Amino acid sequence: MNDIREVDVVVIGAGQAGLAGAYHLRRTGFEPERDFVVLDHAPGPGGAWQFRWPSLTYGKVHGMHALPGMELTGADPARASSEVISAYFAAYERTFDLRVRRPVDVRAVREGSGGRLLVETSDGTWSTRALINATGTWDRPFWPRYPGQETFRGRQVHTARYPGPEAFAGQRVVVVGGGASGTQHLLEIAPYAAATTWVTRRPPVFREGPFDEGAGRAAVALVEERVRQGLPPKSVVSVTGLPLNDAIRQGLADGVLDRLPMFDRITPQGVEWDDGRRVDADVILWATGFRAAIDHLAPLRLRGPGGGIRLEGTRVAADPRIHLVGYGPSASTIGANRAGRAAVRDIRRLLAEGAGEPEPESAAA
């Protein structure tokens, strides 16, 4: 273990929310490596985008929002989104000299001495006055549990390891999940598969018309209310509905998006419902989303009785040193940039108060 290194702020995660936070720290006078450090466990730049399936081209990306201070321009819509966005993030880190340390695994965050937090990692320990946690959700795919699941003789795959549609050629595929990933997978797989079946817990909601900034803010507000109450957050996408674009319209017309309610059990051959319906399957594809990757914060006991972490803006209500960005209302391209800015503004205030200094006149704009 290396010696403990002291900084004012540790940023955990270098996806969109983490880079937005690092940008605003840099912009308001914090020096990388001296005043703050960015730790990322991924092998390279790009956040979760670098792990997306090859068939998700940049033109299919749902609402990729530019990072603060540098637009993403001139990208080829036919190029894999993983390549486009990874290259963009890499250029962003270089342009603003953010000096992301990777790969670094954060193992635990604990209470330190003198009001500081200890961040224990695979690359030693940092002592910090404040923490921006931007670990997102990609590392915690959610696998629902159903009776008989362990008896299924076919393959079970989660969106996190989706290999692309060609891998399902000639197979009978059950796609589980009513979000954007589930519908994208289904529409891609259908031309290759022998048969597809779509099942969701709730009837899908398709949204007509443009999804403008006002609609985005309203969706974020609904998720924000949950984290204010200390409840586990839902995704922003879960309250926006699915955009009724040309591909969705065609899928509905072709019957590919004919939805069945959630099955009741899994059998060795497929899935069954209590009403006697059965569907044989070679593959069950779980497009069932992700949960917040925050197990490293467990030693701080931040979860409340509702099962979530109660936030006031991005600040943890129980501990003003800690900000969660890319969590709940900011777990979207709509909210991530705003969250990074808000977190830095509050941290500047906190550090100034702790040092007995007057509050900065201009926080991160």
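Summary of computed values
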quantity	calculated
Packing-based exposure ordering (other Cβ within 10 Å, fewest first) of SER181, SER55	SER55, SER181
Sequence of THR135, THR200, THR73, THR128 once ranked by neighbouring C-beta atoms within 10 Å, starting from the fewest	THR73, THR200, THR128, THR135
Exposure proxy ranking, count of Cβ atoms within 10 Å, fewest first, for ASP246, ASP346	ASP246, ASP346
Three-way shape label, region 48-204, alpha-carbon gyration tensor, a/c 1.5	oblate
Alpha-carbon Rg/Rh ratio, for region 12-73, with Rh computed the Kirkwood way	1.02
Mean-position separation - Cα centroids, region 252-330 and region 98-114, in angstrom	26 Å
For region 1-133: rounded, prolate or oblate by the Cα gyration tensor [a/c cutoff 1.5]	prolate
Global form of region 274-353, assessed from the alpha-carbon gyration tensor, a/c cut-off 1.5	prolate
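A short reminder: the numbers here are calculations on the coordinates, not readings from a lab. Bear in mind the structure is a predicted one, so any value in this text is a computation, not a measurement. Ideal geometry is used to build each Cβ from the backbone, glycine not excepted, and the neighbour counts take in all protein chains shown.
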